[in-house]
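Colleague: Submitted below is the structure of interest, expressed as C-alpha coordinates.
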Amino acid sequence: MADLWQDAMDHAVAIARKAGAVIRDHLQGEMTVMCKSSPADLVTATDQKVEELIMASIMEKFPTHSLIGEESVSAGQPCILTDNPTWIIDPLDGTTNFIHRFPFVAVSIGFAVNKELEFGVVYSCIEDKMYTGKRGKGAFCNGKQLQVSGQTDIKQSLIITELGSSRDAEVVRHIFSSMQKILCIPVHGIRCAGSAAINMCLVAAGAAEAYYEIGIHCWDISAGAVIVSEAGGVLMDVEGGPLDLMSRRVVAANSKSVAERIVKEIEAFPAERDDVSEAGSA
Ligand code: IPD
(Lines give C-alpha, C1' and ligand atoms only; values in the text may rest on other atoms or scores of the structure.)
Protein backbone atom coordinates (compact mmCIF):
# COMPACT_ATOMS: atom_id res chain seq x y z
CA MET A 1 0.00 0.00 0.00
CA ALA A 2 3.04 2.29 0.48
CA ASP A 3 3.04 3.56 -3.08
CA LEU A 4 -0.69 3.71 -3.59
CA TRP A 5 -1.48 6.31 -6.23
CA GLN A 6 2.23 6.99 -6.86
CA ASP A 7 1.85 6.27 -10.58
CA ALA A 8 -1.00 8.79 -10.73
CA MET A 9 1.09 11.36 -8.87
CA ASP A 10 4.08 10.80 -11.17
CA HIS A 11 1.75 11.35 -14.11
CA ALA A 12 0.41 14.56 -12.53
CA VAL A 13 3.95 15.91 -12.13
CA ALA A 14 4.86 15.04 -15.74
CA ILE A 15 1.70 16.54 -17.22
CA ALA A 16 1.93 19.68 -15.03
CA ARG A 17 5.47 20.24 -16.30
CA LYS A 18 4.34 19.78 -19.91
CA ALA A 19 1.34 22.11 -19.37
CA GLY A 20 3.61 24.70 -17.75
CA ALA A 21 5.87 24.72 -20.81
CA VAL A 22 2.85 25.39 -23.04
CA ILE A 23 1.78 28.27 -20.75
CA ARG A 24 5.30 29.78 -20.85
CA ASP A 25 5.29 29.59 -24.69
CA HIS A 26 1.92 31.38 -24.83
CA LEU A 27 3.11 34.22 -22.60
CA GLN A 28 4.89 35.72 -25.57
CA GLY A 29 2.25 36.02 -28.27
CA GLU A 30 -1.21 37.52 -28.78
CA MET A 31 -3.81 36.46 -26.23
CA THR A 32 -7.51 35.78 -26.74
CA VAL A 33 -9.19 36.97 -23.52
CA MET A 34 -12.83 36.28 -22.63
CA CYS A 35 -14.99 37.14 -19.57
CA LYS A 36 -16.83 34.58 -17.46
CA SER A 37 -18.94 35.52 -14.40
CA SER A 38 -17.75 39.17 -14.20
CA PRO A 39 -15.61 41.66 -16.16
CA ALA A 40 -12.70 40.57 -13.93
CA ASP A 41 -13.31 36.79 -14.13
CA LEU A 42 -11.18 36.05 -17.17
CA VAL A 43 -10.29 33.07 -19.32
CA THR A 44 -7.94 32.77 -22.29
CA ALA A 45 -7.64 30.32 -25.14
CA THR A 46 -4.53 29.03 -23.35
CA ASP A 47 -6.53 28.03 -20.22
CA GLN A 48 -8.84 26.00 -22.46
CA LYS A 49 -6.08 24.45 -24.57
CA VAL A 50 -4.05 23.43 -21.50
CA GLU A 51 -7.08 21.90 -19.77
CA GLU A 52 -7.82 19.81 -22.88
CA LEU A 53 -4.20 18.65 -23.00
CA ILE A 54 -4.20 17.64 -19.31
CA MET A 55 -7.57 15.91 -19.45
CA ALA A 56 -6.78 13.96 -22.62
CA SER A 57 -3.55 12.72 -21.10
CA ILE A 58 -5.25 11.60 -17.84
CA MET A 59 -8.10 9.90 -19.70
CA GLU A 60 -5.68 7.98 -21.85
CA LYS A 61 -3.77 6.62 -18.85
CA PHE A 62 -6.58 6.38 -16.26
CA PRO A 63 -9.79 5.91 -18.30
CA THR A 64 -11.98 4.97 -15.31
CA HIS A 65 -11.12 8.05 -13.24
CA SER A 66 -13.32 11.15 -12.95
CA LEU A 67 -12.30 14.71 -13.82
CA ILE A 68 -13.30 18.13 -12.54
CA GLY A 69 -11.69 20.95 -14.53
CA GLU A 70 -12.22 24.70 -14.24
CA GLU A 71 -12.92 25.29 -17.91
CA SER A 72 -15.09 22.18 -18.37
CA VAL A 73 -17.26 23.25 -15.42
CA SER A 74 -17.49 26.75 -16.95
CA ALA A 75 -18.66 25.07 -20.15
CA GLY A 76 -21.46 23.31 -18.24
CA GLN A 77 -19.93 20.06 -16.97
CA PRO A 78 -21.04 19.05 -13.46
CA CYS A 79 -18.77 19.76 -10.50
CA ILE A 80 -19.40 16.67 -8.40
CA LEU A 81 -16.97 14.91 -6.11
CA THR A 82 -17.86 11.20 -5.84
CA ASP A 83 -15.94 8.31 -4.23
CA ASN A 84 -14.37 7.50 -7.61
CA PRO A 85 -10.72 8.58 -8.02
CA THR A 86 -11.12 12.20 -9.14
CA TRP A 87 -8.63 14.66 -10.63
CA ILE A 88 -9.40 18.30 -9.75
CA ILE A 89 -7.69 20.55 -12.27
CA ASP A 90 -6.96 24.23 -12.66
CA PRO A 91 -4.98 24.32 -15.90
CA LEU A 92 -3.86 27.91 -15.37
CA ASP A 93 -4.31 29.38 -11.90
CA GLY A 94 -3.61 33.09 -12.02
CA THR A 95 -5.24 33.85 -15.38
CA THR A 96 -5.23 37.60 -14.71
CA ASN A 97 -1.51 37.42 -13.89
CA PHE A 98 -0.95 35.47 -17.12
CA ILE A 99 -2.78 38.09 -19.19
CA HIS A 100 -0.66 40.87 -17.66
CA ARG A 101 2.54 38.78 -17.61
CA PHE A 102 2.65 39.22 -13.82
CA PRO A 103 4.93 36.31 -13.04
CA PHE A 104 2.87 34.04 -10.74
CA VAL A 105 1.00 31.45 -12.75
CA ALA A 106 0.48 27.80 -11.85
CA VAL A 107 -0.87 24.49 -13.05
CA SER A 108 -2.77 22.94 -10.14
CA ILE A 109 -3.76 19.26 -10.00
CA GLY A 110 -5.40 17.72 -6.94
CA PHE A 111 -6.42 14.07 -6.67
CA ALA A 112 -9.09 12.67 -4.35
CA VAL A 113 -10.35 9.15 -3.63
CA ASN A 114 -13.45 8.52 -1.50
CA LYS A 115 -13.68 12.34 -1.31
CA GLU A 116 -10.34 12.47 0.51
CA LEU A 117 -7.38 14.28 -1.06
CA GLU A 118 -4.48 11.92 -1.75
CA PHE A 119 -1.98 14.20 -3.46
CA GLY A 120 -1.55 17.66 -4.90
CA VAL A 121 0.79 19.08 -7.55
CA VAL A 122 1.25 22.83 -8.12
CA TYR A 123 3.69 23.85 -10.84
CA SER A 124 4.55 27.55 -10.61
CA CYS A 125 5.67 27.54 -14.19
CA ILE A 126 7.32 30.95 -14.58
CA GLU A 127 9.39 30.45 -11.43
CA ASP A 128 9.94 26.78 -12.44
CA LYS A 129 8.94 25.58 -8.96
CA MET A 130 7.32 22.15 -8.71
CA TYR A 131 5.42 21.82 -5.43
CA THR A 132 4.10 18.39 -4.46
CA GLY A 133 2.36 16.90 -1.46
CA LYS A 134 1.22 13.31 -0.86
CA ARG A 135 -0.93 12.23 2.08
CA GLY A 136 1.35 10.99 4.87
CA LYS A 137 4.50 11.52 2.79
CA GLY A 138 5.32 15.22 3.22
CA ALA A 139 5.42 18.21 0.90
CA PHE A 140 8.27 19.29 -1.35
CA CYS A 141 9.38 22.07 -3.70
CA ASN A 142 11.81 20.98 -6.40
CA GLY A 143 12.65 18.00 -4.18
CA LYS A 144 13.31 20.03 -1.00
CA GLN A 145 11.03 19.23 1.94
CA LEU A 146 8.65 22.02 2.99
CA GLN A 147 7.83 23.09 6.52
CA VAL A 148 5.40 25.84 7.52
CA SER A 149 6.68 28.80 9.54
CA GLY A 150 6.98 28.34 13.31
CA GLN A 151 5.72 31.89 13.98
CA THR A 152 2.51 31.67 16.03
CA ASP A 153 2.36 35.31 17.15
CA ILE A 154 -0.24 36.82 14.83
CA LYS A 155 1.31 40.27 15.35
CA GLN A 156 4.50 39.03 13.70
CA SER A 157 2.72 37.30 10.84
CA LEU A 158 2.45 37.91 7.10
CA ILE A 159 -1.02 37.14 5.74
CA ILE A 160 -2.02 36.45 2.14
CA THR A 161 -5.45 37.02 0.65
CA GLU A 162 -6.94 38.04 -2.70
CA LEU A 163 -9.40 40.66 -3.89
CA GLY A 164 -11.24 38.03 -5.96
CA SER A 165 -13.02 38.50 -9.27
CA SER A 166 -16.40 39.82 -8.10
CA ARG A 167 -16.90 43.56 -8.61
CA ASP A 168 -20.16 43.59 -6.67
CA ALA A 169 -19.88 46.57 -4.28
CA GLU A 170 -21.18 44.63 -1.26
CA VAL A 171 -18.73 41.74 -1.81
CA VAL A 172 -15.85 44.20 -2.24
CA ARG A 173 -16.90 45.99 0.96
CA HIS A 174 -16.72 42.72 2.94
CA ILE A 175 -13.32 41.89 1.43
CA PHE A 176 -11.83 45.27 2.38
CA SER A 177 -13.45 45.24 5.79
CA SER A 178 -11.86 41.85 6.61
CA MET A 179 -8.50 43.06 5.34
CA GLN A 180 -8.71 46.22 7.43
CA LYS A 181 -9.54 44.27 10.59
CA ILE A 182 -6.73 41.79 10.02
CA LEU A 183 -4.20 44.50 9.13
CA CYS A 184 -5.10 46.38 12.32
CA ILE A 185 -4.66 43.37 14.67
CA PRO A 186 -1.89 44.45 13.75
CA VAL A 187 -0.02 42.02 11.47
CA HIS A 188 3.27 42.64 9.64
CA GLY A 189 1.53 42.87 6.27
CA ILE A 190 -0.93 41.53 3.74
CA ARG A 191 0.05 40.21 0.28
CA CYS A 192 -1.79 39.03 -2.86
CA ALA A 193 0.17 36.90 -5.36
CA GLY A 194 -2.81 36.44 -7.71
CA SER A 195 -2.88 32.64 -7.64
CA ALA A 196 -4.64 30.74 -4.85
CA ALA A 197 -2.50 27.66 -5.54
CA ILE A 198 0.76 29.61 -5.24
CA ASN A 199 -0.55 31.43 -2.14
CA MET A 200 -1.09 28.08 -0.44
CA CYS A 201 2.39 26.89 -1.47
CA LEU A 202 3.87 30.07 0.05
CA VAL A 203 2.22 29.17 3.37
CA ALA A 204 3.56 25.61 3.05
CA ALA A 205 7.05 26.99 2.35
CA GLY A 206 6.99 29.20 5.46
CA ALA A 207 7.02 32.47 3.47
CA ALA A 208 3.71 33.59 5.01
CA GLU A 209 1.76 32.47 8.06
CA ALA A 210 -1.72 32.26 6.52
CA TYR A 211 -3.83 32.61 3.40
CA TYR A 212 -7.61 33.05 3.35
CA GLU A 213 -10.17 33.73 0.65
CA ILE A 214 -13.90 33.51 -0.06
CA GLY A 215 -14.85 32.94 -3.71
CA ILE A 216 -12.13 30.52 -4.78
CA HIS A 217 -13.15 27.18 -6.31
CA CYS A 218 -12.25 23.56 -5.54
CA TRP A 219 -9.77 23.50 -8.45
CA ASP A 220 -7.88 26.51 -7.01
CA ILE A 221 -7.27 24.91 -3.59
CA SER A 222 -7.37 21.08 -3.83
CA ALA A 223 -3.69 20.59 -4.64
CA GLY A 224 -2.56 23.36 -2.30
CA ALA A 225 -4.57 21.87 0.56
CA VAL A 226 -2.51 18.66 0.52
CA ILE A 227 0.72 20.64 0.22
CA VAL A 228 -0.13 22.86 3.21
CA SER A 229 -1.23 20.01 5.47
CA GLU A 230 1.78 17.86 4.53
CA ALA A 231 4.07 20.80 5.37
CA GLY A 232 2.57 20.80 8.88
CA GLY A 233 -0.10 23.46 8.34
CA VAL A 234 -3.82 23.52 9.05
CA LEU A 235 -6.89 24.06 6.88
CA MET A 236 -10.09 25.57 8.13
CA ASP A 237 -13.35 27.14 7.01
CA VAL A 238 -13.52 30.96 7.23
CA GLU A 239 -15.97 30.65 10.12
CA GLY A 240 -13.96 27.89 11.84
CA GLY A 241 -14.73 24.18 11.49
CA PRO A 242 -13.35 21.84 8.87
CA LEU A 243 -12.50 22.88 5.31
CA ASP A 244 -15.24 21.99 2.82
CA LEU A 245 -13.63 21.80 -0.64
CA MET A 246 -16.86 22.73 -2.42
CA SER A 247 -17.76 25.69 -0.17
CA ARG A 248 -15.57 28.25 -1.97
CA ARG A 249 -14.04 29.32 1.37
CA VAL A 250 -10.62 28.57 2.78
CA VAL A 251 -8.17 29.42 5.52
CA ALA A 252 -4.74 27.76 5.24
CA ALA A 253 -2.30 28.55 8.02
CA ASN A 254 0.88 27.46 9.71
CA SER A 255 -0.98 26.76 12.96
CA LYS A 256 -4.42 26.40 14.53
CA SER A 257 -3.86 29.52 16.63
CA VAL A 258 -3.07 31.77 13.65
CA ALA A 259 -5.99 30.29 11.65
CA GLU A 260 -8.42 30.85 14.53
CA ARG A 261 -7.22 34.43 15.04
CA ILE A 262 -7.78 35.23 11.35
CA VAL A 263 -11.21 33.60 11.44
CA LYS A 264 -12.28 36.04 14.20
CA GLU A 265 -11.77 38.98 11.80
CA ILE A 266 -13.10 37.59 8.52
CA GLU A 267 -16.48 38.96 7.42
CA ALA A 268 -18.04 36.02 5.62
CA PHE A 269 -20.30 36.71 2.65
CA PRO A 270 -22.36 34.32 0.54
CA ALA A 271 -20.69 32.46 -2.35
CA GLU A 272 -22.61 29.84 -4.33
CA ARG A 273 -21.13 26.38 -3.70
CA ASP A 274 -19.23 24.64 -6.49
CA ASP A 275 -21.51 21.60 -6.21
CA VAL A 276 -24.71 23.68 -6.12
CA SER A 277 -26.34 21.75 -8.99
CA GLU A 278 -25.78 18.49 -7.09
CA ALA A 279 -27.01 20.04 -3.82
CA GLY A 280 -30.04 21.44 -5.65
CA SER A 281 -31.01 18.06 -7.07
CA ALA A 282 -30.43 16.23 -3.77
C1 IPD B 1 -8.18 32.68 -9.42
C2 IPD B 1 -6.89 32.93 -8.68
C3 IPD B 1 -7.03 34.14 -7.79
C4 IPD B 1 -8.19 34.03 -6.84
C5 IPD B 1 -9.47 33.70 -7.57
C6 IPD B 1 -9.29 32.47 -8.45
P7 IPD B 1 -8.00 31.54 -11.85
O8 IPD B 1 -8.08 31.52 -10.22
O9 IPD B 1 -6.56 31.81 -7.91
O10 IPD B 1 -5.90 34.29 -7.00
O11 IPD B 1 -8.37 35.24 -6.17
O12 IPD B 1 -10.48 33.47 -6.59
O13 IPD B 1 -10.50 32.21 -9.13
O14 IPD B 1 -9.33 32.06 -12.32
O15 IPD B 1 -6.88 32.42 -12.24
O16 IPD B 1 -7.81 30.12 -12.21
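Listed here are the residues, each with its yes/no results for (1) touching a strand residue (DSSP E or B) at 6+ places or on another chain (Cβ under 7 Å); (2) free of Cβ contacts under 8 Å to residues at least 40 places away in the same chain; (3) in a helix (DSSP H, G or I).
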residue: ASP3; (1), (2), (3): no, yes, no
residue: ASP7; (1), (2), (3): no, yes, yes
residue: VAL13; (1), (2), (3): yes, no, yes
residue: LYS18; (1), (2), (3): no, yes, yes
residue: MET34; (1), (2), (3): yes, yes, no
residue: SER37; (1), (2), (3): no, no, no
residue: MET55; (1), (2), (3): yes, yes, yes
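Colleague: Here's a check for you: in the stretch 211-237, which residue that is assigned to a strand (DSSP E or B), of a type outside the set (Ser, Thr, Tyr) and within 15 Å of the ligand (Cβ to nearest atom) is nearest to THR132 (Cα to Cα)?
Modeller: It comes out as GLU213.
Colleague: If you check every pair at least six apart or on different chains, which have Cβ atoms under 9 Å apart with a residue in the stretch 204-221 that is within 13 Å of CYS192 (Cα to Cα) and modelled with pLDDT of 95 or more first and a residue that is buried (at least 24 other Cβ atoms within 10 Å of the Cβ) and of a type in the set (Asp, Glu) second?
Modeller: GLU213/ASP220
For (1) under 12 Å from GLY20 (Cα atoms); (2) touching a helix residue (DSSP H, G or I) at 6+ places or on another chain (Cβ under 9 Å), each residue gets a yes or a no:
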site	(1), (2)
CYS79	no, yes
ASN84	no, no
ASP93	yes, yes
THR96	no, no
PHE102	no, yes
SER108	yes, yes
VAL113	no, no
GLU118	no, yes
ILE126	yes, yes
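Colleague: Residues that are at pLDDT below 95, exposed (fewer than 15 other Cβ atoms within 10 Å of the Cβ) and away from the ligand (no atom under 16 Å from the Cβ): does the stretch 30-51 have at least one?
Modeller: The answer is yes; a qualifying residue exists.
Colleague: Is at least one residue of the stretch 129-147 touching a helix residue (DSSP H, G or I) at 6+ places or on another chain (Cβ under 6 Å), part of a loop (DSSP other than H, G, I, E, B) and either closer than 17 Å to VAL250 by Cα or away from the ligand (no atom under 16 Å from the Cβ) (or both)?
Modeller: The answer is yes; a qualifying residue exists.
Colleague: May I pose another question? Please go through (1) under 16 Å from the mean Cα position of the chain (by Cα); (2) part of a helix (DSSP H, G or I); (3) not basic (Lys, Arg) for HIS174 and return the number of the only condition it doesn't satisfy.
Modeller: (1)
Colleague: Further, regarding this structure: Applying the selection to the stretch 144-162, what residues are in contact with a strand residue (DSSP E or B) (Cβ under 8 Å, 6 or more places away or on another chain) and either of a type in the set (Asp, Glu) or on the phi > 0 side of the Ramachandran plot (or both)?
Modeller: Selection gives GLU162 alone.
Colleague: So is ILE198 buried (at least 24 other Cβ atoms within 10 Å of the Cβ), within 12 Å of the ligand (Cβ to nearest atom) and over 15 Å from VAL238 (Cα atoms) or not?
Modeller: Yes.
Colleague: Something else now. Residues that are of a type in the set (S, T, N, Q) and crowded, with 19+ Cβ neighbours inside 10 Å: does the stretch 253-264 have at least one?
Modeller: Within the stretch 253-264, one or more residues are of a type in the set (S, T, N, Q) and crowded, with 19+ Cβ neighbours inside 10 Å.
Colleague: Which pairs turn up if I take residues in the stretch 93-116 that are without any contact (Cβ under 8 Å) to a residue 24 or more places away in the chain and look for partners that are within 13 Å of the ligand (Cβ to nearest atom) with beta carbon separation below 9 Å, at least 6 apart in sequence or on another chain?
Modeller: HIS100/GLY194
The values are calculated or read from the model by the stated rules, or taken from the named source; none is laboratory data. No experiment lies behind these values; they were computed from the predicted model shown. No Cβ is skipped: glycine too gets one built from the backbone with ideal geometry, and neighbour counts run over all protein chains shown.
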